[in-house]
Structures are given as structure tokens and as C-alpha cells.
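Chemist: The structure under discussion is supplied below as C-alpha cells; questions concerning it will follow.
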Amino acid sequence: MQLRGVLFDLDGTLLDTLEDIGRSANQALQEGGFPSHPIASYRHFIGDGVAVLFRRALPPEAAGDLQAVEGCVQAFGRLYDAGWRTATRLYPGIAELLDALRSRSIPAGVLSNKPDVFTRKCVEYYLAAWPFSVVLGQREGVARKPDPAGAFEAAESMGLAPSEILYLGDTSVDMMTARRAGMLAVGAAWGFRPIEELRAHGASAIVAAPIEVLDILDVNA
Ligand SMILES: O=C(O)COP(=O)(O)O
């Protein structure tokens with residue numbers, strides 16, 4: 001397989017967004033009169049979009065209540081809009097990897113289950129130094145990951161076949177998305193989930209540091 005491009009997950013892969021998402025979600029829960037969670041719990045709540053996050057974070061008796069979920073989603077939108085750049089940082093080594101991709105003219109893209117508006121804001125603010133051929137968050141009317149629809153759309157925008165793309169992500173959802181799209185599924189060990197989860201969901205490789213992505217590209221060049 002010849003690899004010519006890299007598609008990135010956002011939360012837990014390029015950006016450590018845990019604290020800003022967790023704090024905003026806890027505030028949304030509290031506004032609704034629900035108990036909050038330790039920030040670390042959000043490692044398991046994040047990954048399938050905001051509605052699923054609240055279905056996981058709400059107490060069992062409220063998790064099936066559409067109005068409760070929707071109320072939290074709305075509140076989160078307002079609170080995260082005010083708090084998305086408080087503690088969020090690039091993971092160590094991401095800047096060096098993106099520099100290397102740019103200097104080799106290897107196209108890069110972002111495919112996230114984060115709401116599209118926040119995906120764009122975060123990429124424009126934190127990752128403005130690098131060119132991305134495509135940036136896609138979760139959009140109304142487009143099936144979210146692990147459905148491969150977004151991955152196919154990203155591949156088309158990058159001008160590559162899915163089989164020419166390495167997809168780097170930090171959750172089972174990312175590994176399943178890559179496999180369903182026919183991309184090379186690579187797990188980021190520094191992200192939100194344990195590497196056992198990534199292996200169990202089809203990671204072809206696990207990288208301990210971002211720069212190791214270059215080694216995988218080199219052996220598949
Ligand atoms: O915010 C989420 O639920 C997931 O976002 P990600 O796809 O970038 O990990």
C-alpha cells in the first residue's frame with residue numbers, strides 16, 4: 001500500500017481538549033440539576049459526538065430522556081463556545097509532525113465527531129500554522145464516525161484514494177472508521193483511550209509519539 005496523505009482525528013489526537021470539554025460539560029450538567037464528573041471520566045464520554053457524550057454523562061434515569069439530552073447539548077454549545085480555548089493544547093510532538101508533513105508536501109486533513117463549528121474554530125486557532133486540505137466535523141445530515149461517509153469525503157477533497165491515507169486517531173471509533181473506509185488505521189497512544197481498545201478495534205499500528213507516523217509513511221512510500 002502506498003501512503004500519500006494523513007487524516008487526523010482532532011480531540012485526543014491533535015489537541016488535548018479534555019479539560020475544556022469536561023469543564024463545559026460539567027457546567028451544562030449542573031445547570032440542568034444533574035451531578036458532574038471528574039474530568040478524567042470524559043476520556044470515555046468523548047468520541048461519538050456531543051449527544052452521545054451526554055447520554056453517557058447523565059444519570060441512567062435521564063440518559064434516555066431526549067429533552068434532558070437536548071437541554072445539555074444546547075447548554076454545552078453556549079458554555080464551550082466561551083471555554084474552548086482555556087486549557088486546550090497541542091499534544092507534544094504534533095507541531096513537529098505537521099512541520100514534517102508540510103515540508104514533504106504530504107496532504108493532511110481533519111475528520112472529527114466534534115460539532116463542525118467547534119472543529120473549525122479549534123483548527124483555525126490552534127493549527128493555523130499548517131495547511132489542511134480538508135477539515136470536517138460532525139454535521140447535520142452526515143452520518144458521524146464510525147460511518148465512513150466523512151472519511152470518503154475527506155479522501156476526495158485530498159485528491160487521494162482511501163487506501164492511500166493513514167488515519168490517526170485515539171478511540172475505537174477512529175479505528176473502525178479507518179477500517180470501514182479502507183484507510184490504514186493507526187492508534188495514538190497519547191490520547192483519551194487505552195491502547196488495548198485501539199488494538200481490539202483494528203489498529204494496524206500504534207504510535208507512541210506523533211513523529212513515528214513518518215516511519216510508517218516511509219515504509220509504505
Ligand atoms: O468530540 C467528540 O465527541 C469527538 O471528537 P473527535 O472525533 O475529534 O475525537
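The values are calculated or read from the model by the stated rules, or taken from the named source; none is laboratory data. None of these values were measured; they are calculated from a predicted model. Don't worry about glycine lacking a Cβ; one is built from the backbone with ideal geometry, like all the others, and counts go over all protein chains shown. Protein only, heavy atoms only, side chains kept; ligands, DNA and RNA dropped before computing areas. Shrake-Rupley method; radii C 1.70, N 1.55, O 1.52, S 1.80 Å.
Chemist: If R₀ is 25 angstrom, what is the calculated FRET efficiency for the pair Ala208 and Glu19, using the beta carbon separation as r and rounding to 0.05?
Modeler: On the way: r = 23 Å, r/R0 = 0.90.
Calculated transfer efficiency: 0.65.
Chemist: Could you state the angle between the C-alpha long axis of helix 18-31 and the longest principal axis of the C-alpha atoms of the chain, as a value from 0 to 90 degrees rounded to the nearest 10?
Modeler: Around 20 degrees separate the two axes.
Chemist: Sort Ile206, Ile211 from largest to smallest accessible area, using a 1.4 Å probe on the heavy atoms of the protein chains.
Modeler: The residues order as Ile211, Ile206, largest area first.
Chemist: Give me the percent relative contact order of region 182-221, please, defined on Cα pairs under 8 angstrom at least 6 residues apart.
Modeler: 40 percent
Chemist: Go through Gly159, Ile195, Leu184 and say which Cα lies farthest out towards the positive end of the charge dipole of region 138-221; charges sit on Cβ, +1 for Lys and Arg, -1 for Asp and Glu.
Modeler: Ile195
Chemist: At R0 = 22 Å, how high is the FRET efficiency between Glu70 and Tyr125 if r is their beta carbon distance? Nearest 0.05 is fine.
Modeler: The computed FRET efficiency comes out at 0.20.
Chemist: Given the Cα-Cα distance of Phe152 and His44 and 0.36 nm per residue of separation, how much length would full extension add, in nm?
Modeler: On the way: separation 108, 0.36 × 108 = 38.88 nm, distance 2.60 nm.
The Phe152-His44 span can extend by a further 36.3 nm.
Chemist: Moving to a separate point now. Helix 66-83: angle to the longest alpha-carbon principal axis of the chain, degrees 0 to 90, nearest 10?
Modeler: 60 degrees
Chemist: Here's another thing I want to ask about it. Between 0 and 90 degrees, rounded to the nearest ten: what's the tilt of helix 94-103 against the longest Cα principal axis of the chain?
Modeler: Helix 94-103 sits roughly 40 degrees off the main axis of the chain.
Chemist: Can you list residues whose amide H is under 5 Å from Ala87's amide H, if they're 5+ apart or on another chain and H is modeled 1.01 Å from N?
Modeler: For Ala87, the qualifying residues are Asp20.
Chemist: Further, regarding this structure: Heavy atoms only, 1.4 Å probe, whole protein assembly: order Ser163, Ser24 by accessible area, highest first.
Modeler: Ranked from most to least accessible, the order is Ser163, Ser24.
Chemist: Turning to a different aspect of this structure: Output the relative contact order of region 89-220, whole-number percent, from Cα pairs under 8 angstrom with separation of 6+ residues.
Modeler: Relative contact order here is 19 percent.
Chemist: Please give the solvent-accessible surface of Trp130 in Å², to the nearest 10, using a probe radius of 1.4 Å with every protein chain present.
Modeler: Its heavy atoms expose roughly 40 Å² to the probe.
Chemist: How high is the relative contact order of region 1-108, in percent, with contacts defined as C-alpha pairs under 8 Å that are six or more residues apart?
Modeler: 39 percent
Chemist: Excluding Leu214 itself, calculate the net charge of residues whose Cβ lies under 10 Å from the Cβ of Leu214, where each Lys or Arg counts +1 and each Asp or Glu counts -1.
Modeler: Net charge in that neighbourhood comes out at -3.
Chemist: Kindly report, to the nearest 10 Å², the accessible surface of Glu61 as traced by a 1.4 Å probe over protein heavy atoms only.
Modeler: 150 Å²
Chemist: Using a/c under 1.5 as the rounded threshold, could you call region 172-221 rounded, prolate or oblate? The axes a ≥ b ≥ c are square roots of the C-alpha gyration tensor eigenvalues, and prolate needs a/b larger than b/c, oblate otherwise.
Modeler: oblate
Chemist: Using the Kirkwood radius built from alpha carbon pairs, what does the Stokes-Einstein equation give as D for the chain at 4 °C and 1.567 mPa s, in µm² per second?
Modeler: Values: Rh = 17.4 Å.
In µm²/s, the coefficient rounds to 74.
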